[in-house]
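Student: Structure in structure tokens, see below.
The values are calculated or read from the model by the stated rules, or taken from the named source; none is laboratory data. Not measured: the values here are computed from a predicted model. A quick note on method: Cβ atoms are made from the backbone with ideal geometry, for glycine too, and the neighbour counts reach across all protein chains shown. With ligands, DNA and RNA removed, areas are computed over all heavy atoms of the protein, side chains included. Shrake-Rupley method; radii C 1.70, N 1.55, O 1.52, S 1.80 Å.
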Amino acid sequence: MAMKQEEIDTTVDETAGESRWKRLLAQREIQLLLVLVVFTILVRAGGAPGFLGPTHFPIFLSQVAPDMLVVIPMAMLLIGGMFDLSVTGIANLSVVLIGWTFSRLLGQLDDTLLIILVVAIGLTAGLVVGLINGLAVTRLRMNPLMTTLATWWMAQGAATGVAGGESRHNFVGSFRDIARFQPLRDLGETFPFLQEMKISTLPMPVFYAAIVIFLGWLVLNRTRFGWHIYATGSDRQGAALNGVNVNRVTLIGFVATGMAAAMCGIVWASRLTSAPPNTLGGLELRVIAAAVIGGAALTGGEGSVLGAVLGLFFMHMIRSATIQLGLPVYWEFFVLGVVLFTAVAFDAWSKRRAATDR
Amino acid sequence: MEQSKVSLQNTSENARSETPLLRARNVSKAFGTVQALSDAEIDVYRGEIVALVGDNGAGKSTLIKVLSGAHRPDAGEIVVRGQPATIHNPNDAFDQGIATVYQDLALLPTRDVVANLYVGRELSKNGILDRRRMTEEANRVVRQLKTNLPSVHTRVRHLSGGQRQAIAIARVVHFGAEILLLDEPTAALGVKEAHEMLTLIEHLKEQDKGIIVVSHNLAHVFRICDRITVLRHGRTVGTLIKDETDSTEVVRMITGADLL
């Protein structure tokens, strides 16, 4: 008994005496940032001096942007103790529905109206599948893993079915502006440094992603709803006992993720101006892994927007580096697997250490 | 025995002229064929600690759950501050200023002390969380508890059992609870932590709360309480004034040995 007391006392003192630096370094975001910096230095030294340089960086950002739209709500869903496998299916369904609508209505409607219509249809697909996921998990108490695996197949199957083996590409020309328009282009002429740094060439999706990141950060850290997301993931029953509407948190999480996946599909449809049902592959595992590498726990209650952003950066940096260093791209997945394994092992190790401390 | 019960009750009632904060009379509750409570009664005054003791299965938890709104009694009367009260669920109890701190606490392990104090009742201004005010208030609450925490931004996961319990109690007190029902507050704690918890409970008494403590530990009971209500087989067999009794008598009433 006396032993136990001493142990408790030392923990308290240790936490109190911890230096600012040590606490800062214990933060996942800071650790990850350091890893990214070291990784960049190594890749630059190892034969790709332009890696994330002024020419590469804007291109890199526009490559990451569509995934970024999805990783933010996915991280919020994970923090709330849930996750969603169906995002790839949703994104592809949205792509195919856009292609299908264009092929039916092209020339019969005003172009602008048609674009608004296809965007609305794409987003509705995300809204509907998100609602099905959310209601199944909250009302019917279905398991989120199996539910979203099922809706993934349903959405993907519907996409393939509607496409019917064809990839449609008769789009309204200006639809491509959704992904390709460069809002800072004119500004670049006035301020040459923007042009030199290629910032003026950043396309729209980078700005959508920036808005989603900002909104995600704002909601999660600065609103009651954000704290309710953390509370729900931390202890669903405890949160409910204290008046948190945990089912509302979960439902909104699934709907937001679904609509973000649809938005990702819209961006890809605009970028490719074609609508194959296999436009996106592996989106679900990419964004879940990115959020987990960024510190989100599958058990809920932990994670951050910044962590998810850095985690996704890391995954795309590995891909970019593989290409720029001329390494066989076939090994990309192997490296991603190693990174994810390390992140999860590190998590388990630090939690075990915290547990034995007490 | 019946005689002694009545006289004891009279003594306790004569000692007090004011209205009790909480009074429960003739409470019965059956689960199927099991009569968990029959004619249970208890009361607690402002600035008083009442211990609720009894053997396993005597009905202590059931009585606490009736008072906290988790169970609906089959019969009986609950009077809060002199007014008959209907308590159908924990929210009704909370509205009456009755709060229960259970052993499993309902805290959020991955969140800090501030978030735990305010969960479900976060302060915000124009839709944006007022984190500064919550942190200030949390610091004030923690200081009042006289519990030493490294920081209000420590995650509850990293707190000791006693500190967690203190946070759970602070939460309900901060939101206006006057009648506290504490279920085995020292059971999971080590010696020093249990000691700190008892000091905290005494401190709450000084703040004029009415406190009912369920405990198996008679040493703890005798250290802090003013009166002891003994349940046996779902019935209140007596309420003793601490200064007029000793643990032998309490044990006898708990086990029913005096009937032999």
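Student: Working with all protein chains in place, sort A:Trp21, A:Trp331, A:Trp100, A:Trp152 by solvent-accessible area computed with a 1.4 Å probe, largest first.
Tutor: Result, largest first: A:Trp21, A:Trp331, A:Trp100, A:Trp152.
Student: While we're here: Label the stretch B:110-176 by shape, choosing from rounded, prolate and oblate, from the square roots a ≥ b ≥ c of the eigenvalues of the Cα gyration tensor; if a/c is under 1.5 it is rounded, and otherwise prolate applies when a/b is larger than b/c, oblate when it is not.
Tutor: Prolate shape, in that a/c is at least 1.5 and a/b is the bigger ratio.
Student: Also, quick follow-up: What are the extents of the Cα atoms of the stretch B:55-118 along their three principal axes, in Å, largest first?
Tutor: 41, 31, 16
Student: What distance in nm separates the simple spin-label points at B:His233 and A:Trp217, each placed 7 Å from Cα in the Cβ direction?
Tutor: Using points 7 Å along Cα→Cβ, the separation is 6.8 nm.
Student: So what does B:Glu18 come to for accessible area, using a 1.4 Å probe and Å² rounded to 10?
Tutor: My reading of the accessible area for B:Glu18 is about 90 Å².
Student: By its C-alpha gyration tensor, with a ≥ b ≥ c as the square roots of the eigenvalues, how is chain A shaped: rounded for a/c under 1.5, else prolate for a/b larger than b/c, else oblate?
Tutor: The shape class here is oblate.
Student: Counting helices only, and only those DSSP H runs with n ≥ 4, report the 222 nm mean residue ellipticity of chain A as the sum of -39,500 (n - 2.57) divided by its residues, in deg cm²/dmol to the nearest 500.
Tutor: So the helix-based figure for chain A works out to -24500 deg cm²/dmol.
Student: Return the sequence-ordered ³J(HN,Hα) values of the stretch A:172-183 in whole Hz as given by the Karplus equation 6.51 cos²θ - 1.76 cosθ + 1.60 applied to θ = phi - 60°, using x for Gly and Pro.
Tutor: 5, x, 6, 4, 5, 4, 4, 9, 10, 4, 10, x
Student: Shape of the protein assembly as shown from its Cα gyration tensor (a ≥ b ≥ c, root eigenvalues): rounded if a/c is under 1.5, otherwise prolate when a/b > b/c, or oblate?
Tutor: Prolate, since a/c reaches 1.5 and a/b exceeds b/c.
Student: Going from most exposed to least, what order do A:Ile293, B:Ile241 have by accessible area with a 1.4 Å probe?
Tutor: B:Ile241, A:Ile293
Student: Quick one: Cα centre-to-centre distance for the stretch B:45-68 and the stretch A:180-227, in angstrom?
Tutor: 60
Student: Which entries of B:Lys192/B:Lys242; A:Lys351/B:Lys125; A:Lys22/B:Lys125; B:Lys65/B:Lys242 show an alpha-carbon separation above 29 angstrom in the structure shown?
Tutor: A:Lys351/B:Lys125; A:Lys22/B:Lys125
Student: Give me the one-decimal Kirkwood hydrodynamic radius in Å for the stretch B:146-241, with the sum taken over alpha-carbon pairs.
Tutor: Evaluated over the stretch B:146-241, this radius sits at 14.5 Å.
Student: If amide hydrogens are placed 1.01 Å from N in the peptide plane, which non-local residues have theirs closer than 5 Å to the one on B:Gly47?
Tutor: Here B:Asp208, B:Lys209, B:Gly210 satisfy the definition.
Student: Per the helix-only calculation at 222 nm, which mean residue ellipticity applies to chain B, given -39500 (n - 2.57) for every DSSP H run of n ≥ 4 and division by its residues, nearest 500 deg cm²/dmol?
Tutor: Computed mean residue ellipticity for chain B: -11000 deg cm²/dmol.
Student: Which order do B:Lys60, A:Lys198 take by accessible area at a 1.4 Å probe, largest first?
Tutor: A:Lys198, B:Lys60
Student: Compute the projected area of the convex hull of the Cα atoms of the stretch A:294-343, averaged over all viewing directions, and report it in nm² to one decimal place.
Tutor: Projected area, direction-averaged: 3.6 nm².
Student: Scan the stretch A:154-220 for chymotrypsin sites (Phe, Trp or Tyr not before Pro) in coil per DSSP, keeping those whose Cβ has at most 16 other Cβ atoms within 10 Å, and list them by number.
Tutor: Filter output for the stretch A:154-220: A:Phe181.
Student: Label points 7 Å out from Cα along the Cβ direction at B:Gln207 and A:Ala210: separation in nm?
Tutor: Simple spin-label model gives 4.8 nm for this pair.
Student: Which ³J(HN,Hα) values in Hz, rounded to whole numbers, follow from the phi angles of the stretch B:177-182 under the Karplus curve 6.51 cos²θ - 1.76 cosθ + 1.60, where θ = phi - 60° and Gly and Pro get x?
Tutor: Calculated HN-Hα couplings, in order: 6, 10, 10, 10, 10, 10 Hz.
Student: Hey, could you get me the Stokes-Einstein D for the stretch B:217-260, Kirkwood radius over alpha-carbon pairs, 4 °C and 1.567 mPa s, rounded to whole µm² s⁻¹?
Tutor: My calculation gives 121 µm²/s for D.
Student: Another question about this same structure. Through the Karplus equation 6.51 cos²θ - 1.76 cosθ + 1.60, θ set to phi - 60°, convert the phi angles of the stretch B:242-250 into ³J(HN,Hα) values in whole Hz; use x for Gly and Pro.
Tutor: So the Karplus estimates, Gly and Pro as x, are 3, 5, 10, 9, 9, 5, 4, 5, 4 Hz.
Student: List the residues, sorted by chain then number, that are 5 or more residues from B:Ala106 or on another chain and whose placed amide H is less than 5 Å from its amide H.
Tutor: The list, which skips near neighbours in sequence, is empty: none.
Student: Let me ask another. Calculate the length of the line joining the C-alpha centroid of the stretch B:182-242 to that of the stretch A:20-38, in whole Å.
Tutor: 46
Student: Treating the Cα atoms of chain B as identical point scatterers in vacuum, please give the log10 of the normalised Debye intensity I(q)/I(0) at q = 0.07, 0.11 Å⁻¹, two decimals.
Tutor: Once normalised to I(0) and log-transformed, intensities are -0.25, -0.61.
Student: Taking amide H positions as placed in the peptide plane 1.01 Å from N, state which residues far from B:Leu129 in sequence (5 or more) or on other chains have amide H under 5 Å from it.
Tutor: A:Thr223, A:Arg224
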